[in-house]
1. Roughly how many debye, to the nearest 20, is the charge dipole of the chain about its Cα centre, given +1 on each Lys and Arg Cβ, -1 on each Asp and Glu Cβ, and no other charges?
2. Under 1.5 on a/c is rounded, so check that first for segment 4-231, then, if it is not, pick prolate when a/b is larger than b/c and oblate when it is not; a ≥ b ≥ c are the square roots of the alpha carbon gyration tensor eigenvalues.
3. Which residue, 17, 184, 139, has the most motion in a Gaussian network model of the chain that connects Cα atoms within less than 10 Å?
4. Residue 178: which lysines have alpha carbons under 23 Å from its alpha carbon, excluding same-chain residues fewer than 8 sequence positions away?
5. Roughly what % of DSSP beta bridges within the chain run antiparallel, to the nearest 5?
6. At 7 Å along the Cα-to-beta-carbon direction for both residue 21 and residue 123, put a label point, then send me their distance in nm to one decimal.
7. Separation between the residue 35 and residue 153 pseudo-spin-labels, each 7 Å from Cα along Cα→Cβ, expressed in nm?
8. Once the Cβ-Cβ distance between residue 57 and residue 171 is put in as r, and R0 is 45 Å, what FRET efficiency do you end up with, to the nearest 0.05?
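Rule-based calculations on the coordinates, nothing more; no lab input. In this text, all values refer to a predicted model and were calculated from it rather than measured experimentally. Note: ideal-geometry Cβ built from the backbone for every residue, glycine included; neighbour counts use all protein chains shown.
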Amino acid sequence: MEIVNISKLIKTLNPVNGCTAGCVYCYARKINNRFKITPDFAIPEFSPHRLKQIKQTRKSQTYFMTSMSDFSDWQEEWRTIVFDYIKDFPQHNFIFLTKFPERIHFETELQNVWIGATITAKNEKRRIDSLRNNIKAKNYFLTFEPLLNDLGELDLHDIKWIIIGPETGNRKGKVTVKREWVDNIMRQVDQQNVSVFMKDSLVSVLNSDDMRQQLPFDNLGENKLEERQISFDFQ
């Protein structure tokens, strides 16, 4: 299965840089420390001037807004500024992700906003209910990345999209995904009619013929599930 780089389909835009979670597998902290974007990654900083990048793109695009932050760390004022800005760009899609939906009380009527929660292990499945109960949005998604164990049974009602990916990097104690963990998710995805995107790094666990990579965004197919060969890091 040919893999197309995500940069050809989805742009990264980070109005907030920094995260308080402190995950041992965090790629964003490594990027921040390498390029010195902010002095202390544990203290999120708001850079609203970055939103101007949206004006520079006339063609419909999908923006991942939290690759260097967690939506739960965004101050209410920051959310207000960002959502007041993006409402003027209905041709684009905007993706927001959090590991702590229980900390957020937020509502948006924007049809082109996708808000998701990260679930890496079975004991984090409560986040799915927290996402649906605490955040009112038109589009919900989940990221099972890095997938650290078998998630068991999943209630996916109102979930439109799922991302599955393994832990990457070379940290000591790195968890290797087992095929049966992925198969369990896929069985339920098919039963509950949810689109799914498998990270390209899962090829070593499955094989190219078993990979499924779908994007549900309107600007990539007018509400049709588009099969794309892409890679994306939502860790």
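1. Numbers: 33 positive and 31 negative charges, 150 e Å.
In total the dipole reaches around 720 debye.
2. Rounded shape, in that the Cα axes give a/c under 1.5.
3. 184
4. Reachable lysines: 99, 122, 125, 199.
5. On the way: 5 of 35 bridges.
In the chain, DSSP labels about 15 percent of beta bridges as antiparallel.
6. Rounded to a tenth, the inter-label distance reads 1.6 nm.
7. 4.4 nm
8. Numbers: r = 35 Å, r/R0 = 0.78.
It comes to 0.80.
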